[in-house]
Amino acid sequence: MAVWCEAKVCFNPKVKIAILQSIFEIERVTSRIMNERTAAERDAPIYGSFRELFTKGFELDTPTCVFMIGTHIAAVVLGIWLFAYAPSEWVWAATIWIVIQFFLGSGSTTLYTHRLITHKAAKHVSAPVHWFFCFFGQIFSVQGSVRRWSANHSLHHGVDRHGKKELDPYSATWFDGPIRNFVWSHTLSHMCNHPESEEYTRSHNAKRHWIIMLQDKWYGLLTTFWLFLFPMALGYALGGWYGFFGLMAGSMLGTILVQHNTWTVNSVTHMWGKTDGLNSSASNNYVWLGPLGEGNHHGDHHDYPRDYRNGFGVSGWLLDPTRYGILVLRACNLVRGLNRATEKEEAEIIAGREIAQVSSMTAFNREAAALKKQLDTRVMELKNDWIEALAHWETLKQESKLLQQAADRRDELAKEIAQARAHVNMRKNAFFAELEALRTQAMSFSA
Ligand SMILES: [Zn+2]
Ligand SMILES: [Zn+2]
């Protein structure tokens with residue numbers, strides 16, 4: 001009955017808007033209690049220019065600037081040489097290197113550094129996973145050490161909760177205007193040392209796995225080896241100077257491609273998108289952006305960061321190959337205890353977004369305001385019905401799962417019960433046998 005009533009009412013666009021706006025009014029109060037700010041307040045600029053940053057304690061990170069500018073120049077120069085003058089076999093070899101580096105680096109950032117470490121998407125991550133990504137895979141993403149990346153990213157998400165926007169290391173809403181916001185969030189933020197704060201120190205000192213700390217210590221050496229020494233030595237051994245420069249070209253081009261691919265998550269997905277997130281400026285784009293499924297559902301990710309998936313619903317399955325990687329690791333027992341949002345939590349987020357979207361439409365007219373009053377109670381009932389029905393369904397599913405687990409264990413349990421019974425009988429017999437022996441002995445003494 002409730003569903004029919006809702007569908008019938010919603011066919012009238014004016015009434016539909018009134019319903020959604022009325023939900024929004026109530027939801028906005030809840031949202032404001034949690035965040036104490038609207039989306040417009042949240043995304044309001046706080047700096048006027050880049051120069052202003054340097055009066056607030058920011059300074060250029062010279063070694064990083066040299067490295068970033070140097071690798072970009074090397075990529076362009078070697079890239080021109082590669083495609084214009086190098087023998088075709090080295091063009092192929094360099095292209096293979098680029099493809100491998102792109103997928104390995106991007107995949108390591110999203111799967112390991114981002115989801116498993118920063119967001120603790122799995123309760124247990126085994127040592128081989130730490131070793132593989134820390135000392136091999138993640139180096140090819142050229143994003144700094146796992147510890148540093150993870151600390152900065154925690155600050156990036158922390159803003160969604162505490163609202164201290166100035167702490168976001170790569171905010172895309174600091175400035176008034178898209179060009180400054182894009183340049184800052186995409187590249188410039190990585191070239192600066194940010195002022196320290198209590199939150200910054202806490203985030204960077206957060207307890208990490210000892211292998212991660214080891215990688216942090218040896219990061220410079222690992223990068224030098226995998227990005228420079230290894231391709232140069234391998235290329236030279238296989239093809240002399242053509243091989244040397246061919247694989248170096250592959251390594252440099254791979255480096256800048258993997259970096260810019262990752263940075264689109266900080267810039268593009270926080271500036272433009274199809275579906276706005278609820279708690280941040282991040283949105284869902286539903287196209288390939290960012291490393292292996294990280295950017296296209298960035299709104300979903302910010303609204304439920306601990307989820308091992310990076311997108312709700314069917315599109316989440318289609319556009320998030322990283323989740324397959326995590327599921328494969330789980331199947332191999334290399335990670336355990338994956339976190340994910342419940343259906344109820346997902347529904348609450350999706351409902352909240354729909355309502356927020358309607359809120360940005362024109363203000364109530366008199367007719368809609370009158371309708372709103374009448375429909376307030378009904379609308380809340382419908383929404384609660386939906387969420388309660390989902391919660392009930394989830395409880396039943398959980399019960400069914402427990403019963404299934406019990407059924408699966410029934411045979412095993414029957415065996416254990418039989419063994420326990422035999423054990424009881426054995427102990428009982430041993431007790432009476434010993435007792436009898438003592439009694440016999442006692443009787444012989446007393447006789
Ligand atoms: Zn983000
Ligand atoms: Zn994240």
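So between A206 and E89, what do we pick up on full extension, going 0.36 nm a residue minus the alpha carbon distance?
Working: separation 117, 0.36 × 117 = 42.12 nm, distance 4.70 nm.
The span from A206 to E89 would gain 37.4 nm if fully extended.
Work out which helices of the chain, taken as complete DSSP H runs, extend at least 27 Å along their axis over the Cα atoms and score a mean Kyte-Doolittle of -1.0 or more, then list them.
Working: long enough: 13-35 (30 Å, 0.28); 62-85 (33 Å, 1.63); 88-107 (28 Å, 1.10); 230-266 (40 Å, 0.70); 366-408 (61 Å, -0.73); 410-446 (53 Å, -0.44).
Taking the DSSP H segments of the chain (at least 27 Å long, mean hydropathy at least -1.0), we get 13-35, 62-85, 88-107, 230-266, 366-408, 410-446.
How far is the Cα center of segment 70-127 from the Cα center of segment 203-252, in Å?
11
What is the spin-label model distance, in nm, from I69 to Q405 if the labels are put 7 Å beyond Cα along the C-beta direction?
Modelled inter-label distance: 5.8 nm.
Using a Förster distance of 45 Å, how high is the FRET efficiency between D385 and S126, based on the Cβ-Cβ distance and rounded to 0.05?
Numbers: r = 44 Å, r/R0 = 0.97.
The pair D385/S126 has a calculated efficiency of 0.55.
In the chain, with Lys and Arg counted as +1 and Asp and Glu as -1 at Cβ, which of these residues, S197, W81, A420, has the Cα nearest the positive end of the dipole, that is, farthest along it?
A420
Using a cut-off of 20 Å between alpha-carbon atoms, which aspartates and glutamates can reach K217, once sequence neighbours fewer than 8 places away in the same chain are excluded?
Excluding near neighbours in sequence, the set is D61.
So for each of 60-70, 209-219 I average, over its residues, the number of other beta carbons within 10 Å; can you give me the resulting order with the highest mean first? Write down the numbers at each step before the final one.
On the way: 60-70: 12.6, 209-219: 16.3.
So the peptides 60-70, 209-219, ranked by packing, come out 209-219, 60-70.
Which of the pairs K344/K397; K123/K165; K56/K165 have their Cα atoms more than 21 Å apart in this structure?
On the way: K344/K397 13 Å; K123/K165 29 Å; K56/K165 14 Å.
Those over the limit are K123/K165.
Just round it to a whole percent: the fraction of Cα-Cα distances in segment 47-343 exceeding 29 Å. All intermediate terms of the calculation are to be shown ahead of the outcome.
On the way: 15785 of 43956 pairs.
For segment 47-343, the share of Cα pairs beyond 29 Å comes to 36 percent.
With the Cα gyration tensor of segment 75-177 giving a ≥ b ≥ c as the square roots of its eigenvalues, does the rule (a/c under 1.5 for rounded; else a/b larger than b/c for prolate; else oblate) give rounded, prolate or oblate?
Details: a/c = 3.89, a/b = 1.54, b/c = 2.53.
Oblate is the answer for segment 75-177, as a/c is 1.5 or above yet b/c matches or exceeds a/b.
In percent, how large is the relative contact order of the chain, given Cα pairs closer than 8 Å and 6 or more residues apart?
Working: 553 pairs, mean separation 95.9, N = 447.
Across the chain, relative contact order equals 21 percent.
In the chain, what % of DSSP beta bridges are antiparallel (nearest 5)?
On the way: 8 of 9 bridges.
In the chain, approximately 90 percent of DSSP beta bridges are antiparallel ones.
How about K164: which aspartates and glutamates have a C-alpha closer than 14 Å to its C-alpha, ignoring those fewer than 8 places off in the same chain?
Leaving aside aspartates and glutamates fewer than 8 places away in the same chain, those within reach of K164 are E36, E41, D43, E196, E198, E199.
Magnitude of the Cβ-charge dipole of the chain, K/R +1 and D/E -1, about the Cα centre, nearest 20 debye?
It comes to approximately 720 debye.
Name the residue farthest towards the positive end of the dipole of segment 47-343 from the options N296, T322, T269, assuming +1 on Cβ of Lys and Arg, -1 on Cβ of Asp and Glu, about the Cα centre.
Final value for the positive-end residue is T322.
In nanometres, what is the gap between the two model label sites at N193 and S49, each 7 Å from Cα along Cα-to-Cβ?
Modelled inter-label distance: 2.4 nm.
Extending each Cα 7 Å along its Cβ direction at V77 and D276, get the distance between those two points in nm, one decimal.
Output for this residue pair reads 4.7 nm.
Per-residue ellipticity at 222 nm for the chain, helices alone: DSSP H runs ≥ 4 residues times -39500 (n - 2.57), over residue total, nearest 500 deg cm²/dmol? Display every interim value, and only then the final one.
Working: 19 runs with 302 residues, N = 447.
Mean residue ellipticity, 222 nm, calculated: -22500 deg cm²/dmol.
Taken together, the values in this text are just the output of simple stated rules run on the coordinates, not laboratory data. Quick caveat: nothing in here was measured; it's all calculated off a predicted structure. No Cβ is skipped: glycine too gets one built from the backbone with ideal geometry, and neighbour counts run over all protein chains shown.
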